[in-house]
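Q: Can you keep this structure in mind? I'll have questions shortly.
The values are calculated or read from the model by the stated rules, or taken from the named source; none is laboratory data. Please read all numbers here as calculations on a predicted model, not as lab measurements. Positions of Cβ are generated from backbone atoms using ideal geometry, with glycine treated the same way; all protein chains shown enter the neighbour counts.
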Amino acid sequence: MDIQALQISPWTIVLIVAVVSACLCATILFTLLKTGLAWRLATDVPNDRSLHVRPTPRVGGWGIVPVAAAATLMLAPSLWYAALGTVFLAAISQIDDRRGLPARVRFAAHLIAVVGLVVLFPANAPWWILVILAFLMLWLVNLYNFMDGADGLAGGMALFGFAGYAAGALFSDHPLPELAWSATVISGAALGFLLFNFHPARIFLGDAGSISLGFLAGALGYWGWRGGVWPVWFPILVFAPFIADASMTLARRLLRGEKFWQAHREHYYQRMVRSGIGHARTALTWYVLMVAGIMLAICALGRSVIFQSCALAVWGAVLCVAGALVDMRWRRFQSTLSDPVNTVR
């Protein structure tokens, strides 16, 4: 999109694109709910590891993916692979949402999408760096799915995270407008989904939505680094709360010898909800944390290596403190459960 030809401020275009994307996504999801089709496509039935208590449609991806893919193809054609890869993963994940698929089949689809991006659009870097980045993108695809377990959480992270990408792509010393438009579309679509997902949620994201958003977070992050828009640390800092929670939880389970691929309720956000903070306040806390990290990331763009290193160190320390506070609250909560005086009704 040539904004100079349109004689419109880039921020005006961003606002228009975001609002239109949100309206389109919300319209699709409202229609699915109103017609009852949402429950026939995929329904999440609560189990002993769930944080919700009633069956809920898992069709958030049906609103986000078509809007994100179609608008990206129109506004940012250079990102065509990201759009088509998202549709591919959404289709595979929808089958998994409805019928279930073996883990090896799901992983093979993730691998095809990520490796295809790196092979078709290689960056000017040693091969081993590209291998590491491909691994990190695979992890991002899966951790986004792991972190989709509380009302408003994953949708809010998409809203703010991709908005951070859009701002970074415009504020950069080497701006890339098409990247900004694509990120804005995804952020706007996430807002449309969040209207139905904030507590009490009427719709869940589902694997078709969470896997797609995880892939887009990695693909657009890689695209910005490849194009010199931002350093490799920028996407990591933008999605740092998600990455830190999922990575620390995985590390703990591995150290205990547990099967990390099995469903559980040990993420920090799950502990926050279960210890009495609730879905809404947990989501709002994460929103504040993520927005602060995004502002720091944008502020660090174009600064010296020393400033960027200090920013990363400071934010890592902040996340560690936040995690420690959640752990303290969780231990106090568990102690009240084990106290006979407090458990007797």
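Q: Identify, please: which residue in region 46-59 is in contact (Cβ under 8 Å) with a residue 40 or more places away in the chain and in contact with a strand residue (DSSP E or B) (Cβ under 6 Å, 6 or more places away or on another chain) and is, among those, surrounded by the fewest Cβ atoms within 10 Å (Cβ to Cβ)?
A: Here the answer is Thr56.
Q: Now a separate question. Could you pull out the residue among Arg106, Arg98, Arg54 that is over 22 Å from the mean Cα position of the chain (by Cα) and within 30 Å of Arg271 (Cα to Cα)?
A: Numbers: Arg106 fails: over 22 Å from the mean Cα position of the chain (by Cα); Arg98 fails: over 22 Å from the mean Cα position of the chain (by Cα).
Exactly one residue qualifies, and that residue is Arg54.
Q: Is it the case that some residue within region 179-200 is farther than 22 Å from Cys23 by Cβ and of a type in the set (Val, Ile, Thr)?
A: No.
Q: Next up: Going by the conditions given, is Gly206 under 26 Å from Gly100 (Cα atoms), buried (at least 22 other Cβ atoms within 10 Å of the Cβ), within 19 Å of the chain's Cα centre (by Cα) and at pLDDT below 95?
A: On the way: under 26 Å from Gly100 (Cα atoms): yes; buried (at least 22 other Cβ atoms within 10 Å of the Cβ): yes; within 19 Å of the chain's Cα centre (by Cα): yes; at pLDDT below 95: yes.
When the stated conditions are applied, Gly206 passes them.
Q: Right, next: Which pairs turn up if I take residues in region 28-45 that are surrounded by fewer than 17 Cβ atoms within 10 Å (Cβ to Cβ) and look for partners that are charged (D, E, K, R) with beta carbon separation below 8 Å, at least 6 apart in sequence or on another chain?
A: Note: pairs meeting the criteria are Leu33/Arg202; Thr43/Arg58.
Q: Within the set of pairs 6+ apart or on separate chains, which have a first residue in region 267-286 that is touching a residue at least 60 places away in the same chain (Cβ under 8 Å) and under 11 Å from Gly152 (Cα atoms), a second that is among the β-branched types (Val, Ile, Thr) and assigned to a helix (DSSP H, G or I), and C-beta atoms under 7 Å apart?
A: Here the result reads His279/Val273; Thr282/Val273, each pair linking region 267-286 to a residue that is among the β-branched types (Val, Ile, Thr) and assigned to a helix (DSSP H, G or I).
Q: Now, a different point. If you scan region 36-51, which residues turn out to be within 23 Å of the chain's Cα centre (by Cα), aliphatic (A, V, I, L, M) and either modelled with pLDDT of 75 or more or within 15 Å of Asp97 (Cβ to Cβ) (or both)? Break it down into steps so the answer makes sense when it comes.
A: Step one: list which residues in region 36-51 are within 23 Å of the chain's Cα centre (by Cα), which gives 38, 41-46, 49-51.
If we keep only those that are aliphatic (A, V, I, L, M) as well, we get 38, 41-42, 45, 51.
Listed by number, the residues that qualify are Ala38, Leu41, Ala42, Val45.
Q: For region 228-265, name all the residues that are within 19 Å of the chain's Cα centre (by Cα), among the hydrophobic types (A, V, I, L, M, F, W, C) and part of a helix (DSSP H, G or I).
A: Trp233, Phe234, Ile236, Leu237, Val238, Ala240, Phe242, Ile243, Ala244, Ala246, Met248, Leu250, listed by residue number.
Q: Of the residues Phe193, Phe198, Phe160, Phe171, which single one is touching a residue at least 40 places away in the same chain (Cβ under 8 Å) and touching a His at 6+ places or on another chain (Cβ under 9 Å)?
A: Details: Phe193 fails: touching a His at 6+ places or on another chain (Cβ under 9 Å); Phe160 fails: touching a His at 6+ places or on another chain (Cβ under 9 Å); Phe171 fails: touching a His at 6+ places or on another chain (Cβ under 9 Å).
Exactly one residue qualifies, and that residue is Phe198.
Q: Pull out all pairs, ordered by first then second residue, where Cβ-Cβ is under 6 Å, the residues are six or more apart or on different chains, the first lies in region 115-132 and is of a type in the set (Gly, Ala, Ser), and the second is assigned to a helix (DSSP H, G or I).
A: Ala123/Arg226
Q: Still on this structure: Of all residues in region 252-266, count the ones that are without any contact (Cβ under 8 Å) to a residue 24 or more places away in the chain and at negative phi. Talk me through it step by step, then tell me what you get.
A: Filtering region 252-266 for residues without any contact (Cβ under 8 Å) to a residue 24 or more places away in the chain gives 252-260, 262, 266.
Add one more test, that the residue is at negative phi, and what stays is 252-256, 258-260, 262, 266.
So the answer is 10.
Q: Of these, Gly168, Gly155, which one is within 13 Å of the chain's Cα centre (by Cα) and of a type outside the set (Phe, Trp, Tyr)?
A: On the way: Gly168 fails: within 13 Å of the chain's Cα centre (by Cα).
After ruling out the rest, the residue left standing is Gly155.
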